[in-house]
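Here the structure comes first, spelled out in C-alpha cells, and everything after it is commentary.
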Amino acid sequence: MAFETLEIAYDDRVLRPRPWTAQQSRWAAELVATAPPGPVLELCAGAGQIGLHTISLRPRPLVCVDLSPVACDYARRNAEAAGLGALVDVREGPMDAVLQPDERFAVVVADPPWVPSGETGRYPEDPLGAIDGGPDGLDAARACLRVAAEHLLPGGDVVLQVGTRAQVDTLEADGSGSRAGLAVAEVRDGERGVLVRLR
C-alpha cells in the first residue's frame, strides 16, 4: 500500500499501516532536522512505515524494534524496497532487551497499541497484539516512555502516538513521563489519534 512516498508491504498478521500516521513521521522529521547527531529509534515499529518515512525525509540511521517476527520481516523488506536498507537495523524482541545499555538516539518515535482491552472487539480486522494496550490502553505507551528515556540523547525528542487527549492527561496525571525523566512539551491532534512530543 502507498504510505506517502513509500510502498509498504504487510499482511493480515501485521497492523495495517494507517495513512494518517504519516503526520507522526513528518513531525519526527522536523525534529530530526535540529536534533543532536545520532540515530532514530522506532518502538512498536510494525511494518516500519513511520520510521522509514521519517528517515526518507531526513536521512539518519534507524533502529526499528518490534515483538512480532512477521512485522520485523516486513520492516526489513520495506526498508530494502525503499532503498533505505543500509540505514536500517530491525530488531525483534522486547524493547528493553534488544537495545544495548549505552545506545542513545536523537529522536524516538512510538505508535504502541493504545486501544483499551475492553474496546478491542471494535476492531476485529486488526491483530489483537498490535492494538491491545491493556486496561486503559496505556501499558505499552508507558513501557515506550521508560525505554525512550533510558536511550534518549540530551536535547532529543520523543514523538508518541496515543488514541485520545484523555490518555495524554492520564499519562501526565500518573507521572508516567516524569518518572521516566520526560515532560510533555507539545500535543497535536491527529486525524485519528493524538501525538505527544516529550523531552
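Residues in segment 117-134: is at least one touching a Cys at 6+ places or on another chain (Cβ under 9 Å), touching a residue at least 40 places away in the same chain (Cβ under 8 Å), part of a helix (DSSP H, G or I) and crowded, with 18+ Cβ neighbours inside 10 Å?
Scanning segment 117-134, I find at least one residue that is touching a Cys at 6+ places or on another chain (Cβ under 9 Å), touching a residue at least 40 places away in the same chain (Cβ under 8 Å), part of a helix (DSSP H, G or I) and crowded, with 18+ Cβ neighbours inside 10 Å, so the answer is yes.
Please tell me if D102 is surrounded by fewer than 16 Cβ atoms within 10 Å (Cβ to Cβ) and either modelled with pLDDT of 95 or more or not in a loop (DSSP other than H, G, I, E, B) (or both). When the stated conditions are applied, D102 passes them. Of all residue pairs spaced 6 or more apart or on separate chains, those with beta-carbon atoms under 8 Å, a first member in segment 92-103 that is closer than 14 Å to E42 by Cα and a second member that is of a type in the set (G, A, S) and crowded, with 17+ Cβ neighbours inside 10 Å are E92/S68; M95/A143; D96/A143. The residues of segment 19-55 that are closer than 27 Å to P124 by Cα, out of contact with any Phe, Trp or Tyr (no Cβ under 8 Å at 6 or more places or on another chain) and surrounded by fewer than 18 Cβ atoms within 10 Å (Cβ to Cβ) amount to a single one, W20. Just one residue in the set P17, P37 is in contact (Cβ under 8 Å) with a residue 12 or more places away in the chain, more than 23 Å from D139 (Cβ to Cβ) and not in a strand (DSSP E or B); that residue is P37.
Mind listing whichever residues of segment 157-175 are in contact (Cβ under 8 Å) with a residue 40 or more places away in the chain and within 18 Å of E191 (Cβ to Cβ)?
Hits for segment 157-175 are V159, L160, Q161, V162, G163, Q167.
The set of residues from segment 146-160 being more than 21 Å from T34 (Cα to Cα) and either in contact with a Gly (Cβ under 9 Å, 6 or more places away or on another chain) or β-branched (V, I, T) (or both) comprises just one member, V147. Tallying residues that are surrounded by 15 or more Cβ atoms within 10 Å (Cβ to Cβ) and in contact (Cβ under 8 Å) with a residue 24 or more places away in the chain within segment 176-199 yields 12.
Across segment 170-184, not a single residue is classified as over 22 Å from P37 (Cα atoms) and under 15 Å from the mean Cα position of the chain (by Cα). Consider A86 carefully, then state whether it is more than 15 Å from the chain's Cα centre (by Cα), of a type in the set (G, A, S) and not in a strand (DSSP E or B). The answer is yes for A86. Could you say whether any residue in segment 144-156 is within 22 Å of Y10 (Cβ to Cβ), touching a residue at least 24 places away in the same chain (Cβ under 8 Å) and either assigned to a strand (DSSP E or B) or of a type outside the set (S, T, Y) (or both)? Yes, there is a match, as at least one residue in segment 144-156 is within 22 Å of Y10 (Cβ to Cβ), touching a residue at least 24 places away in the same chain (Cβ under 8 Å) and either assigned to a strand (DSSP E or B) or of a type outside the set (S, T, Y) (or both).
The values are calculated or read from the model by the stated rules, or taken from the named source; none is laboratory data. Here the structure is a predicted model, which means the values were calculated and not measured. Here Cβ is always computed from backbone atoms with ideal geometry, including for glycine, and neighbour counts include all displayed protein chains.
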